[in-house]
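Q: One structure, pasted below without further comment.
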Amino acid sequence: MKNFSIYLTLSVVIFSCSPKETPMKKPSIDIVSRVNEYAEYALTADLSQLSDNQRQMIPILMEVSQIMDGLFWKEAYGDKNALLESLPDEATRQFATINYGPWDRLRGDESFVTGVGEKPAGAQYYPEDMTKKEFEDFKDPDKTSLYTLIRRNEAGELYTVPFNVAFAEEVNQAAHLLRQAAELADDEDFSIYLSLRADALLSDDYLASDLEWMNMKSNRIDFVVGPIENYEDKLYNYKAAHEAYVLIKDMEWSERLAKFVSFLPELQENLPVADEYKQESPGTDSDLNAYDVVYYAGDCNAGSKTIAINLPNDERVQLEKGTRRLQLKNAMRAKFDKIMVPINNLLIDQSQRKHVTFDAFFANTMFHEVAHGLGIKNTLNGSGTVRQALKEHGSALEEGKADILGLYMVTQLQQKGEIEGELMDYYTTFLAGIFRSVRFGASSAHGKANMIRFNYFKEQNAFSYNPENGTYKVNFEEFQAAMNSLSGVILKLQGDGDYAGVDALFKEKGIVTPELQTDLDRVGAAGIPRDIVFKQGIETLGLQADNL
C-alpha cells in the first residue's frame, strides 16, 4: 500500500484553493433571519423492529456519513475549519454550515461574507482560472469522469486526480467502517453491498456495488453513500459529489407502493412524444419503497433537502435493472406541514385549497422519482448519453422531465383506477409545489426546472392569477394540456441532445418574473420557511452509546 503521507500532502495541495481573504460578515445581510428561514426538524424513526446488530450498525453508518460530509465540504468550498474560524459570530457560522460554504444556495449562490467572490461554477473540481476552451483542448480520457478532479501542475498544465487518490485517507477510513458494518448485516445482500461499496470507494468503480444495491428488497436498513449526484458541478455537470443517507424502511408503506413499477413499460409506450423518443425500454427489476431517513450528510444536506431518491444514476444499470425509488416519508411530511400548508393558505385560490393534500404531495414526489426511469437515456444522433450531450444543463432539464412526467404518470394511473383521489388534488398540489421549489433559487437544478415549468404553464393558461388577492387557480383542461405538451418538448430536447435548444429554453423561461417575485416576497414576509434543517444523530435517534 502506498504511503499515506504522500496522499495527505497531495490532498493539502489539491484543496488549497479556498478563498485567501479573511471573511467578515456583510453588514447589509440579516444572517439571523436567513438562518430562521430553515425550520428545524428532528430525524427520528421507530427502531422497535430492528435487531441488536442493526442497532449497532447505525452509529457506524453515521460515522461513514460524517466522512462523506467532510469530503463534500472540500468539493464545495475547500477548508471548512478555516472558513468557520474566520467568521465573526455564531449565526454566520451556522448559516455557512447549512450552505457548506459562504454562498447562499437558495439565493443563486449569493455570497453572504465579504472577502469571498462569486462561487466558482465548477466548485472545487476544476482550477478556478480554467477556461472552457482550455478544458476542451485538454487531452485526457479521464477528464469527464465523475470521479476525477482537474488540477494544474507546476508548468500550469491540466491533469486529472482520481478521487481515491485525492481523498485517500478518508476513503480508506470509510471503507474500513463499511466492512465493519457488513459483518453486522443480517441481510446477505446488504452485507455484500456494503463490502462492494467499500471496494468502490477505493477504486472509483461503482458499477458492481450499484448492481448489488438493486438486489436489496427486504432489508430494513439501507445506506446510500459515495460520490453520486452531479449538481454541484455547474460548469459541466461531470463531477459527482459525496453524500450519504442512513435509512430505515417503513414496511407497511412500502408494500402499498410496490405495484407501481410494473406499469413503467406501458407508461413509456404511451408517452406524448414521437416513437423514436421512447424506444428504450425502462428496466423493471426495481422497487419503490418508503423510508424514514435518520441521517443526511454532504450534498443531499446542503441548502434545500432531498425528500426522495432515485438511483443509481449509471445509465448501464438503469437500462439493465431500472432504478430504486426511495421516498423519505418523515422528511416529506416535515416539508408539507411546515412549508406547503402555509404556501397553500397564502397563494392558492380559496376554492381550491382543499385540493392540496399530503397524499397528493407524496404521490407527486414519488412519481417524480419513478419518472426518471422514463424517456430516453442515450441521444438519437450519436452524441452519447443525454447527460453528456446537455452538459451543465443536463441535471436541471432531467429534474424538469421527472416533475412533468411524474404528473403524467399520476394522471394515467388515476384514470386507470390504480391510485385514489381527484386529479384536481394532484394538479393543485403540483402548482403549490412550484412555489415551494422555485424558492430554491437559480443555483438549484430543481429551482431552475420549476421556473421553466411555471413560465411555460403561464403561457399555456394552465392557471389563472387574481391580482386583487395574489392567488392562483388551476384551469383543469389547460393544465392537463400543458403537462402533455411540455413533456413532449423536454423529451425531444433530450433525445436530440439539443444543447442549444435547452440553453435557449433556460434563458427564455428559467427566470423569475417580477409578478412571481412579488408573490415570493409575500411568502418570505409571511415567515414561511424556505426549507428545513435537521437535528440528527445517535442521541436524537435514541441510540445513546450506553444502549449499544
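The values are calculated or read from the model by the stated rules, or taken from the named source; none is laboratory data. Since the structure is predicted, the reported quantities are computational estimates derived from the model, not experimental observations. Neighbour counts run over all protein chains shown; Cβ positions are idealised from the backbone, glycine included.
Q: Quick one: in segment 465-495, of everything that is within 25 Å of the chain's Cα centre (by Cα) and not aliphatic (A, V, I, L, M), which residue is farthest from Thr428 (Cα to Cα)?
A: Top of the filtered list is Gly495.
Q: Still on this structure: In the list Ala462, Ala449, which residue meets the criterion of being touching a Ser or Thr at 6+ places or on another chain (Cβ under 9 Å) and buried (at least 19 other Cβ atoms within 10 Å of the Cβ)?
A: Answer to the selection: Ala449.
Q: Then there's this: Given the options Thr144, Thr114, Thr148, name the one that is closer than 30 Å to Val512 by Cα and either of a type outside the set (Phe, Trp, Tyr) or out of contact with any Leu (no Cβ under 8 Å at 6 or more places or on another chain) (or both).
A: Step by step, each of Thr144, Thr114, Thr148 is checked, and only Thr114 is closer than 30 Å to Val512 by Cα and either of a type outside the set (Phe, Trp, Tyr) or out of contact with any Leu (no Cβ under 8 Å at 6 or more places or on another chain) (or both).
Q: Further question: Could you list, in sequence order, the residues of segment 206-230 that are charged (D, E, K, R) and within 21 Å of the chain's Cα centre (by Cα)?
A: Within segment 206-230, Asp210, Asp222, Glu229 qualify.
Q: Okay, moving on. Please find, within segment 398-415, the residue that is surrounded by the fewest Cβ atoms within 10 Å (Cβ to Cβ) out of those that are within 17 Å of Lys259 (Cα to Cα) and free of Cβ contacts under 8 Å to residues at least 60 places away in the same chain.
A: Gln415
Q: Checking the structure you have, find out if any residue of segment 231-250 is over 23 Å from the mean Cα position of the chain (by Cα) and outside any helix (DSSP H, G or I).
A: Pass one, segment 231-250, residues over 23 Å from the mean Cα position of the chain (by Cα): none.
No, segment 231-250 contains no residue that is over 23 Å from the mean Cα position of the chain (by Cα) and outside any helix (DSSP H, G or I).
Q: Can you name every one of the helices (runs of 4 or more DSSP H) wholly within segment 115-189 that holds 1 or more residues which are without any contact (Cβ under 8 Å) to a residue 12 or more places away in the chain?
A: Correct list: 132-137, 168-184.
Q: Filter segment 138-181 down to residues that are touching a Gly at 6+ places or on another chain (Cβ under 9 Å) and under 23 Å from Thr385 (Cβ atoms), then give me how many there are.
A: Result for segment 138-181: 1.
Q: Any chance segment 279-297 includes a residue that's without any contact (Cβ under 8 Å) to a residue 60 or more places away in the chain and hydrophobic (A, V, I, L, M, F, W, C)?
A: Within segment 279-297, one or more residues are without any contact (Cβ under 8 Å) to a residue 60 or more places away in the chain and hydrophobic (A, V, I, L, M, F, W, C).
Q: Okay, next question. For segment 121-153, what are the residues that are charged (D, E, K, R) and over 22 Å from Asp79 (Cβ atoms)?
A: Result: Lys132, Lys133, Glu134, Glu136, Asp137, Lys139, Asp140, Asp142, Lys143.
Q: Moving on. Can you pull out every residue in segment 281-308 that is at negative phi, touching a helix residue (DSSP H, G or I) at 6+ places or on another chain (Cβ under 7 Å) and part of a strand (DSSP E or B)?
A: Once the filter is applied, which keeps residues that are at negative phi, touching a helix residue (DSSP H, G or I) at 6+ places or on another chain (Cβ under 7 Å) and part of a strand (DSSP E or B), segment 281-308 yields Leu288, Asn289, Ala290, Tyr291, Asp292, Val293, Val294, Tyr295, Ala297, Ala308.
Q: Quick one: what pairs do we get from segment 362-382, first residue more than 14 Å from Leu271 (Cα to Cα) and in contact (Cβ under 8 Å) with a residue 40 or more places away in the chain, second part of a loop (DSSP other than H, G, I, E, B) and of a type in the set (A, V, I, L, M), C-beta under 8 Å, 6+ apart or different chains?
A: Hits for this filter: Ala363/Ile419; Thr365/Ile307.
Q: Sort out which residues of segment 328-381 are touching a Leu at 6+ places or on another chain (Cβ under 8 Å), more than 26 Å from Val294 (Cβ to Cβ) and surrounded by 21 or more Cβ atoms within 10 Å (Cβ to Cβ), and write them in order of number.
A: Selection gives Ile348, Ala371, Gly373, Leu374, Gly375, Ile376.
Q: Look at Ala258 and say whether it is at pLDDT 90 or above and touching a strand residue (DSSP E or B) at 6+ places or on another chain (Cβ under 8 Å).
A: When the stated conditions are applied, Ala258 does not pass them.
Q: Within segment 152-160, is even one residue at pLDDT below 95, within 30 Å of Ala200 (Cβ to Cβ) and either surrounded by 15 or more Cβ atoms within 10 Å (Cβ to Cβ) or aromatic (Phe, Trp, Tyr) (or both)?
A: Looking through segment 152-160, none of the residues is at pLDDT below 95, within 30 Å of Ala200 (Cβ to Cβ) and either surrounded by 15 or more Cβ atoms within 10 Å (Cβ to Cβ) or aromatic (Phe, Trp, Tyr) (or both).
Q: With the structure loaded, tell me whether Glu508 is farther than 26 Å from Glu276 by Cα and modelled with pLDDT of 95 or more or whether it fails that test.
A: So Glu508 does not fit the description; no.
Q: Then there is this: Take the residues of segment 332-376 that are part of a loop (DSSP other than H, G, I, E, B) and touching a helix residue (DSSP H, G or I) at 6+ places or on another chain (Cβ under 8 Å): which is nearest to Ser395 (Cα to Cα)? Spell out how you get there, then give the answer.
A: Residues of segment 332-376 that are part of a loop (DSSP other than H, G, I, E, B), as a first pass: 349, 356-357, 372-376.
Subsequent filtering for residues that are touching a helix residue (DSSP H, G or I) at 6+ places or on another chain (Cβ under 8 Å) retains 356-357, 372-376.
Working: Val356: 28, Thr357: 28, His372: 11, Gly373: 14, Leu374: 15, Gly375: 14, Ile376: 14 Å.
That would be His372.
Q: Determine, yes or no, whether Leu380 is modelled with pLDDT of 90 or more, outside any loop (DSSP other than H, G, I, E, B), of a type in the set (A, V, I, L, M) and over 18 Å from the mean Cα position of the chain (by Cα).
A: Spelling it out, it is not the case that Leu380 is modelled with pLDDT of 90 or more, outside any loop (DSSP other than H, G, I, E, B), of a type in the set (A, V, I, L, M) and over 18 Å from the mean Cα position of the chain (by Cα).
Q: Among what's in segment 185-215 and is surrounded by fewer than 20 Cβ atoms within 10 Å (Cβ to Cβ) and aliphatic (A, V, I, L, M), pick the residue that is farthest from Asn310 (Cα to Cα).
A: Leu202
Q: Being touching a residue at least 40 places away in the same chain (Cβ under 8 Å) and not in a helix (DSSP H, G or I), is that true of even one residue in segment 479-497?
A: Step one: filter segment 479-497 for residues touching a residue at least 40 places away in the same chain (Cβ under 8 Å), giving 479-480, 483-488, 490-497.
Those still in the list that are not in a helix (DSSP H, G or I) too: 497.
Yes, segment 479-497 contains a residue that is touching a residue at least 40 places away in the same chain (Cβ under 8 Å) and not in a helix (DSSP H, G or I).
Q: Let me ask something additional. Among Asp503, Asp521, which is within 18 Å of Asn344 (Cβ to Cβ), of a type in the set (D, E, K, R) and either without any contact (Cβ under 8 Å) to a residue 12 or more places away in the chain or not in a loop (DSSP other than H, G, I, E, B) (or both)?
A: Asp521
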